[in-house]
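The values are calculated or read from the model by the stated rules, or taken from the named source; none is laboratory data. Treat the numbers as computed from the prediction; the structure is a model and nothing was measured. Every residue, glycine as well, gets a Cβ built from its backbone with ideal geometry; the counts of neighbours run over all protein chains shown.
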Amino acid sequence: MKNFNPIRGCDDYLPREAMFRNDVKQAILNSYLKNGFNLISTPVLENLELLNSSDGGDNLRLMFKTIKRGDKLDLTKPNLTEQDIVEEGLRYDLTVPLSRFFANNKEKLPTPFKSIQIDNAFRAERPQKGRSRQFIQCDIDIFGDPTINAELELLSTCLDTYLALGLTNLTLKINHRQILNSIVLFSGFNAEDISSVCITLDKLDKISVSGVVMELIEKGFDTTKINKLVDVLEDISANGLNCVTNYGVNPKVKEDVAFLINTLTTLTQNKVNIKFDISIVRGQGYYTGAVYEVYCEGFNGAIGGGGRYDKMVEKFTGINCPAVGFGLGFEPVCLLLKEKQTKQSGKQLALIFDQDDDIVEVYKIKQQLKQNYYVSLFARPKNMKAFYEKISAVADFITTVKDYKQNTPVKSLN
């Protein structure tokens with residue numbers, strides 16, 4: 001028997017759920033637009049060489065790749081490699097495509113350029129609650145501003161968006177890659193080890209300190225350096241941002257993080273808990289400055305995150321271009337909002353007509369009703385009760401009574 005279920009890690013959405021998700025997406029877009037960002041769009045498929053050179057961390061392992069087609073695919077070639085078989089990759093996030101987009105269109109864009117992308121990305125994840133293989137990212141980015149003002153504008157916009165959606169009990173955790181780089185070097189690691197060490201540190205909340213130690217040992221690092229790094233992390237965790245300069249961190253970096261915490265706390269009127277957290281790493285290797293994640297009570301994990309990635313456009317074009325970005329986690333936000341959702345009166349209206357009605361007159365009535373409702377026509381079914389149950393299951397419908405044309409009031413199913 002054929003299996004009609006969607007691919008594991010992907011979902012179908014019935015009308016009620018699809019409308020709900022669309023409303024959330026539109027609310028996010030409206031908030032981004034009100035804060036002065038500009039909507040763009042990029043392709044789902046990207047050049048594989050570009051994706052592989054992006055320092056995407058573990059995301060590179062989770063990338064879906066397309067197979068070459070036609071004459072390009074020669075399976076008879078001896079000693080086949082992946083390069084002989086695959087051609088493009090599905091984007092695993094929206095940051096790499098955005099950097100390519102900016103490199104390709106920079107002459108047409110203002111500086112700084114503030115972009116919005118709300119679109120699908122794909123990762124070969126192990127599916128779980130709030131984590132799918134096909135998922136929507138809601139990104140805003142600023143290109144061309146090297147100052148801390150870019151982070152401030154980006155983060156204030158994102159927190160404004162979360163609050164506008166009705167989410168409460170939010171926590172914004174901020175760290176800085178230069179802090180992480182300094183403490184890794186202070187612990188005795190080499191500069192070329194930083195990316196690998198940070199990828200492991202990014203798993204701290206999942207595998208604990210003992211798991212981080214074990215993974216670093218498995219990577220071949222010296223236990224003396226590992227133990228020293230753990231001691232530094234524990235000291236910073238206990239004593240906070242003020243002690244990071246004890247480990248070679250530039251005081252200006254500490255001041256920037258403190259500025260973000262203090263200013264955002266003021267701007268959000270203390271509605272968001274904003275703090276420094278040394279465990280925030282962001283596993284992608286392309287981050288160069290401040291990194292941050294948002295958490296919400298009721299969801300186990302971050303509901304958004306991002307950071308500064310000043311070197312990515314330069315890697316593609318040779319031209320220096322500072323950049324910061326934030327991705328709002330659409331799937332966890334929808335889960336949280338669904339739990340808070342209360343039943344609301346619908347705008348869907350089922351206009352029921354009889355077979356002997358003048359269909360032109362029916363459509364005239366529909367045109368009038370469309371000023372206030374989303375109107376769908378239905379020929380009167382034999383079993384009205386079953387009909388009501390089914391349309392109510394897929395959307396918040398209200399229906400008309402039989403003699404609506406005689407101005408009988410609309411009858412609500414709610």
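A few comments on the model shown:
- Considering (1) modelled with pLDDT of 95 or more; (2) not in a helix (DSSP H, G or I), the lone condition that E255 does not fulfil carries the number (2).
- The set of residues in region 73-85 that are surrounded by fewer than 16 Cβ atoms within 10 Å (Cβ to Cβ) and among the β-branched types (V, I, T) comprises T76, T81.
- Residue check for V333: β-branched (V, I, T), in the same structural domain as S31 (by TED's automatic domain parsing), in contact with a Lys or Arg (Cβ under 9 Å, 6 or more places away or on another chain) and surrounded by 14 or more Cβ atoms within 10 Å (Cβ to Cβ): no
- Residue within region 70-86 that is within 30 Å of E389 (Cβ to Cβ) and touching a residue at least 24 places away in the same chain (Cβ under 8 Å) present: no
- Restricting S208, S187, S132 to those that are surrounded by fewer than 16 Cβ atoms within 10 Å (Cβ to Cβ) and among the hydroxyl-bearing types (S, T, Y) reduces the list to S208.
- For region 350-378, a residue qualifies if it is in a strand (DSSP E or B) and of a type outside the set (A, V, I, L, M, F, W, C), and the qualifying residues are Y374, S376.
- Where S99 falls short, out of the listed (1) of a type outside the set (A, V, I, L, M); (2) out of contact with any helix residue (DSSP H, G or I) (no Cβ under 6 Å at 6 or more places or on another chain); (3) more than 15 Å from G36 (Cα to Cα): (2)
- Test for L62: is it over 17 Å from the mean Cα position of the chain (by Cα) and either under 16 Å from A121 (Cα atoms) or surrounded by 14 or more Cβ atoms within 10 Å (Cβ to Cβ) (or both): no
- Odd one out for S196, checked against (1) in contact with a helix residue (DSSP H, G or I) (Cβ under 9 Å, 6 or more places away or on another chain); (2) in a helix (DSSP H, G or I); (3) within 21 Å of A258 (Cβ to Cβ): (3)
Here's the yes/no breakdown for (1) assigned to a loop (DSSP other than H, G, I, E, B); (2) of a type in the set (D, E, K, R):
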position	(1), (2)
G285	yes, no
Y295	no, no
F299	yes, no
K338	no, yes
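- Of A386, A379, all but one fail to be of a type outside the set (D, E, K, R), modelled with pLDDT of 85 or more and touching a strand residue (DSSP E or B) at 6+ places or on another chain (Cβ under 9 Å); the exception is A379.
- Per-region count, region 77-117, residues more than 12 Å from G325 (Cβ to Cβ), modelled with pLDDT of 90 or more and β-branched (V, I, T): 1
- Only residues that are in contact (Cβ under 8 Å) with a residue 60 or more places away in the chain and assigned to a helix (DSSP H, G or I) were counted in region 138-154, giving 6.
- Test result for G70, exposed (fewer than 11 other Cβ atoms within 10 Å of the Cβ) and on the phi > 0 side of the Ramachandran plot: yes
- Listing of strands (runs of 3 or more DSSP E) fully contained in region 21-137 that carry 2 or more residues being in contact with a Leu (Cβ under 6 Å, 6 or more places away or on another chain): 86-90, 113-122
- Residues (assigned to a loop (DSSP other than H, G, I, E, B), at negative phi and out of contact with any strand residue (DSSP E or B) (no Cβ under 6 Å at 6 or more places or on another chain)) located in region 155-186: L165, T168
- K315 being out of contact with any Phe, Trp or Tyr (no Cβ under 7 Å at 6 or more places or on another chain), part of a helix (DSSP H, G or I), under 21 Å from I142 (Cα atoms) and of a type outside the set (A, V, I, L, M): yes
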